[in-house]
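None of the figures in this text is laboratory data; all of them are computed from the coordinates on show. What you see is a predicted model, and the numbers here were worked out from it, not measured in a lab. Counting neighbours? That spans all protein chains shown, and the Cβs are built from the backbone with ideal geometry, glycine included.
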Amino acid sequence: MSKPDHNKPDDPPTMHDVDKPATLFAVYLVVLGLAVANIMLSVAGLHNLALPVQLGIGTVQAVLVAWYWMHLRRGDQVVTLSAVTSLFFVFIFYVLVLSDVLTRWRGGL
Amino acid sequence: MSASTHSPVLKHHFDNLEQQHSAERLGMWMFLATEVLFFSGLFVAYTVYRYLYPADFEFASSHLILWIAGLNTGLLITSSLTMTFAIRAAQLGDRPALLRHLLATAALGSAFMGFKAYEYATDVEEKYVPGPMFQAEYDRAVEELTHAPKDHAESHPHNPAWDLAARNLGKTYGDPGFISPQRVQLFLCFYYVMTGIHGIHILVGIGCILWLVQQTYAGKIPPENYSTVEVVSLYWHLVDMIWLFLMPLLYLAGAGMKSH
């Protein structure tokens, strides 16, 4: 059996494009495990570390979902650019707002 | 011979399927970028107020139903897995598996909404809704607890307004440990708006998945058209991803204070 020619743009997807079930399950177990860990750590009491730890775990979960399940790992460069650009704007949004709120103790901006 | 004769799923304005799939993916990613910006406004506002009123937000969060949030998180993550398997089935041309995975995803999403509806109903029953409902219950609790004998405080109704009134008993605004009922309601505004908008997104996602089921039945999702499933899956994964941030921000803020 000959290998499918991946160069023809009208061909159906080849096995190269198809996810391996083992990878999908591994990502599932890690994301689910992190969710359970997040809840258990929070119930145990994280005090001042609660917000950074919870959001850190959420970020790792989101990166795994985007990279493996949303196929960013084999996405076009322009797709990656649009994803990163949206995060960049979120970053600017947070920085501008928090730079005001977090400095109000000394008179604000 | 024109490229449009190569495949019945190729739209006339594309040169080939690869270009069509790339355009579809990019279009959805651009839409997802606007969704991220839309939700980030809510996240920023929540962050600011949680920073300003940490104790009030922790108290309010501790009265949400954590087991439902945990269960719903599991349902959504599992639905993302079945959605990814649906793409795989579409790529391999396995129509029964595609239908199975799409229906499983829609069922898991519907179960999420079912538990959410039960949670909202419980909140309403406990008068844990911002506005006159919560405020009137809180004022009544303060009035009764202030004039009741000390041992009567133990027999009050167990809902958030009464718990708050009991906690604030003997304190006034500005005293250490005083939890503001207005700030608790501010948290509840975030809770209902954020989970409500997220719920609307889930309903839209379920609608899109059921449309895919209909298309699959009609034989309109051959392997070379798998990107139709992939585009819907991108939306579904983003909705899942947003929940992965909503859940800790809303439900875990007060998890250390009291488990429901």
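Arrange A:70, B:113 by Cβ neighbour counts within 10 Å, fewest through most, would you? Intermediate results must be reported in sequence, preceding the final value.
Numbers: A:70 28, B:113 15.
Fewest-to-most ranking of A:70, B:113: B:113, A:70.
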Over the stretch A:17-74, how many percent of alpha carbon pairs lie in each 10 Å bin up to the one with the longest distance?
22, 45, 23, 9, 1
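Run the numbers on chain B and let me know its relative contact order in percent, using alpha-carbon pairs under 8 Å that are six or more apart.
Working: 257 pairs, mean separation 90.8, N = 260.
After rounding, I find 35 percent.
Could you put B:172, B:195, B:84, A:85 in order, starting from the residue whose Cβ has the fewest other Cβ atoms within 10 Å? List each step's numbers first, then the result.
Values: B:172 7, B:195 21, B:84 28, A:85 14.
Exposure proxy ranking, most exposed first: B:172, A:85, B:195, B:84.
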What distance in nm separates the two pseudo spin-label positions at residue A:97 and residue B:167, each 7 Å out from Cα along the beta-carbon direction?
2.4
Whole Å is fine, so just give me how far the alpha carbon centre of the stretch B:1-71 lies from that of the stretch B:213-230.
22
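Suppose every K and R has +1 on its Cβ and every D and E has -1 on its Cβ; what is the size of the dipole of chain B about the Cα centre, in Debye to the nearest 20?
Once rounded to the nearest 20, the dipole reads 480 debye.
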For the stretch B:39-186, take every pair of Cα atoms, bin their distances at 5 Å starting from 0, and report each bin as a whole percent.
2, 9, 13, 14, 14, 12, 9, 7, 6, 5, 4, 3, 2, 1, 0
Taking the radius of gyration and the Kirkwood hydrodynamic radius from Cα positions alone, what is the Rg/Rh ratio for the stretch B:164-219, to two decimal places?
1.48
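Assuming R0 = 51 Å, can you tell me the calculated FRET efficiency for the pair residue B:16 and residue B:158, based on Cβ-Cβ distance, to the nearest 0.05?
Details: r = 65 Å, r/R0 = 1.27.
E(calc), rounded to 0.05, equals 0.20.
So for the protein assembly as shown, what are the equivalent ellipsoid semi-axes in whole Å, largest first, each being the square root of 5 times an eigenvalue of the Cα gyration tensor?
47, 22, 17
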Radius 15 Å from Cβ of residue B:235, net charge of other residues (Lys, Arg +1; Asp, Glu -1):
-3
Could you tell me the ratio Rg/Rh of chain B? Both radii from Cα atoms, Rh via Kirkwood.
1.14
Sum -39500 (n - 2.57) across every DSSP H segment of at least 4 residues in chain B, then divide by the residue count to get the 222 nm mean residue ellipticity, nearest 500.
-25500 deg cm²/dmol
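Could you work out, residue by residue across B:95-107, how many beta carbons of other chains sit within 10 Å of that residue's beta carbon, and then give the average as an integer?
Numbers: counts 0, 0, 0, 0, 0, 0, 0, 0, 0, 0, 0, 0, 0.
That works out to 0 on average.
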